[in-house]
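Before anything else, here's the structure in question.
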Amino acid sequence: MPVVIVVGAQWGDEGKGKVVDYLTKKAEIVARFQGGHNAGHTVVIKDKKYVLHLIPSGILHKGTTCIIGNGVVVEPSALIGEIEGLRAKGIPVKKNLLVSKNAHLIMPYHIALDKACETSKGKKSIGTTGRGIGPTYVDKMARSGIRVGDLLTPELFMEKLQANVRHVNVLLKNLYNQKGFSAKKIFDEYAGYTRKLSVHIADTDLIINRAIAAGKNVLLEGAQGTLLDIDHGTYPFVTSSSAVAGGACTGLGIGPTKISKVLGIVKAYTTRVGSGPFPTELHDATGELIREKGGEFGATTGRPRRCGWLDTVILKHAAMINGLSGMVITKLDILDGFSTIKICTGYRYRGKLLTEMPKELGIFENCIPVYEEMAGWQGSTAGISSFSKLPKEARAYIKRIEELVGVRADIISTGQKRDELITLREHF
Ligand code: IMP
């Protein structure tokens, strides 16, 4: 009856979708706790590719209840698009998908504000996904947000909407020189969404806590990653939600005493999309090779991801902040064929060796990585499902990561498909 949290230990895109899909085999509930459709989780089942943004990847398993928690921000047309896309592929989406009444709605003006704000920042832009995530969380914290549950009481919805539109139109017109929005138009559009979504709207905190009390297996799926977390990431180059394990408790309404394990997903190298510091980034042919081999292009925006060697300084930070009980190392096969592989073990800053991630952006941006070099492996690890069958250099690489991060590797993923992984420890 464990409650297992899965979080990204880097800057997102670690391959959480596949891991969640694998763990869901034994989970009765899978729940998202933060972020929105800025996330992109890719799962490949029998050569069919599914890209999910908002719906937990658990939806691909029969009999699993999927929850979109209160900590998530929901763009209803994107959610409906995803539901319809899954149905078209033969995946049933009915009462097996539940959305919290307390989740905040992304409104059209949030998207306009996100884009306008990014454009106005010029070279200093964050490189957001342009999905309206930040402005929606701003309204949530300002206590003026509109929640999914408000869709069910049209008068209240309209009242809040009118107040917000009045405010936002002043901003859009005066600050960004843009056209404003009509509350009536948005109201009519969202009424259409309500008709399609009302069956899914629920008190998800009750449902999930009752399931935990009944001893069911529950999986909590993080989006983005620790270094994109609003508090513990590379602020301000972060997303606007709590992407760390603590976010699972507030983002679903589960007490910390109910959590059994926290799994950190670690890609065998590092990637990042958008702006911000990235000490081990490679601007050379090796970086290009990793990007091509690893298919490192955003699942949501298609942007090429920045690529570099594994950084164990940020991983130690992720292990601490999340209280990781285990790691899942993904995409090991992408490193096949390299003669040497580098692991970052510290940074050099103005002649000083740093072994912890600096909080100051100005320092972090100017850190030079200190590397340890390991022998690569020439054979293929693709699809290997037993640790002993890995080339000895690949085993040594995994062991060294465990030593440096201080957390054991529980699962190693060796390919895109469901069964291409090595399980060293079961979680349910
Ligand atoms: P936002 O979440 O759209 O506001 O974007 C803020 C930052 O987080 C940008 O650097 C994005 O590229 C990054 N980001 C947001 N979602 C993801 C994700 O799912 N994977 C990787 N990076 C992401």
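From the residues in region 127-143 that are small (G, A, S) and assigned to a loop (DSSP other than H, G, I, E, B), which one is nearest to the ligand (Cβ to nearest atom)?
Ranking the qualifying residues of region 127-143, first place goes to G127.
Here is a yes/no grid of residues against (1) in contact with a helix residue (DSSP H, G or I) (Cβ under 8 Å, 6 or more places away or on another chain); (2) at pLDDT 95 or above:
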| residue | (1), (2) |
| --- | --- |
| D231 | no, yes |
| S241 | yes, yes |
| K258 | yes, yes |
| T270 | yes, yes |
| V273 | no, no |
| G294 | yes, yes |
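What residue, among those in region 246-286 that are of a type in the set (A, V, I, L, M) and within 16 Å of the ligand (Cβ to nearest atom), is nearest to P56 (Cα to Cα)?
If we take residues in region 246-286 being of a type in the set (A, V, I, L, M) and within 16 Å of the ligand (Cβ to nearest atom), then I265 is nearest to P56 (Cα to Cα).
Is region 98-110 home to any residue that is away from the ligand (no atom under 16 Å from the Cβ) and on the phi > 0 side of the Ramachandran plot?
no
Please find, among G295, G255, the residue that is in the same structural domain as H41 (by TED's automatic domain parsing), more than 17 Å from the chain's Cα centre (by Cα) and farther than 19 Å from I334 by Cα.
Only one candidate passes the filter, namely G255.
Can I ask one more? Would you point out which residue out of L60, L86 is surrounded by fewer than 20 Cβ atoms within 10 Å (Cβ to Cβ), touching a residue at least 24 places away in the same chain (Cβ under 8 Å) and not small (G, A, S)?
L86
Take residues that are farther than 14 Å from D311 by Cα and touching an Asp or Glu at 6+ places or on another chain (Cβ under 9 Å) and tell me which of the strands (runs of 3 or more DSSP E) falling wholly in region 328-428 contain 3 or more.
409-413
Listed here are the residues, each with its yes/no results for (1) loosely packed, with under 14 Cβ neighbours inside 10 Å; (2) under 29 Å from S57 (Cβ atoms).
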| site | (1), (2) |
| --- | --- |
| T330 | no, yes |
| Y349 | no, no |
| K359 | yes, no |
| G376 | no, no |
| A382 | no, yes |
| R395 | no, yes |
| E403 | yes, no |
| I411 | no, yes |
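From the list L156, L175, L171, L161, pick out the single residue that is more than 16 Å from the ligand (Cβ to nearest atom), surrounded by 19 or more Cβ atoms within 10 Å (Cβ to Cβ) and of a type in the set (A, V, I, L, M).
Of the residues listed, the single one that is more than 16 Å from the ligand (Cβ to nearest atom), surrounded by 19 or more Cβ atoms within 10 Å (Cβ to Cβ) and of a type in the set (A, V, I, L, M) is L161.
Determine which member of the set V30, V6, V51 is part of a strand (DSSP E or B), among the hydrophobic types (A, V, I, L, M, F, W, C), farther than 15 Å from T226 by Cα and away from the ligand (no atom under 12 Å from the Cβ).
Criteria check complete, one pass: V30.
Somewhere in region 230-252, is a residue over 15 Å from A318 (Cβ atoms), of a type in the set (G, A, S), crowded, with 24+ Cβ neighbours inside 10 Å and in contact with a strand residue (DSSP E or B) (Cβ under 6 Å, 6 or more places away or on another chain)?
Yes, region 230-252 contains a residue that is over 15 Å from A318 (Cβ atoms), of a type in the set (G, A, S), crowded, with 24+ Cβ neighbours inside 10 Å and in contact with a strand residue (DSSP E or B) (Cβ under 6 Å, 6 or more places away or on another chain).
What residue, of R143, R147, is under 30 Å from F237 (Cβ atoms), at pLDDT 95 or above and touching a Leu at 6+ places or on another chain (Cβ under 7 Å)?
Unique residue meeting the criteria: R147.
Filter region 202-230 down to residues that are part of a loop (DSSP other than H, G, I, E, B) and away from the ligand (no atom under 14 Å from the Cβ), then give me how many there are.
5
Still on this structure, I have one more. Looking for something in the same structural domain as I412 (by TED's automatic domain parsing), polar (S, T, N, Q) and closer than 15 Å to V30 by Cα - is there at least one such residue anywhere in region 240-248?
There is no residue in region 240-248 that is in the same structural domain as I412 (by TED's automatic domain parsing), polar (S, T, N, Q) and closer than 15 Å to V30 by Cα.
The values are calculated or read from the model by the stated rules, or taken from the named source; none is laboratory data. Note that the structure is a prediction, hence the values are computed from the model and not measured. A quick note on method: Cβ atoms are made from the backbone with ideal geometry, for glycine too, and the neighbour counts reach across all protein chains shown.
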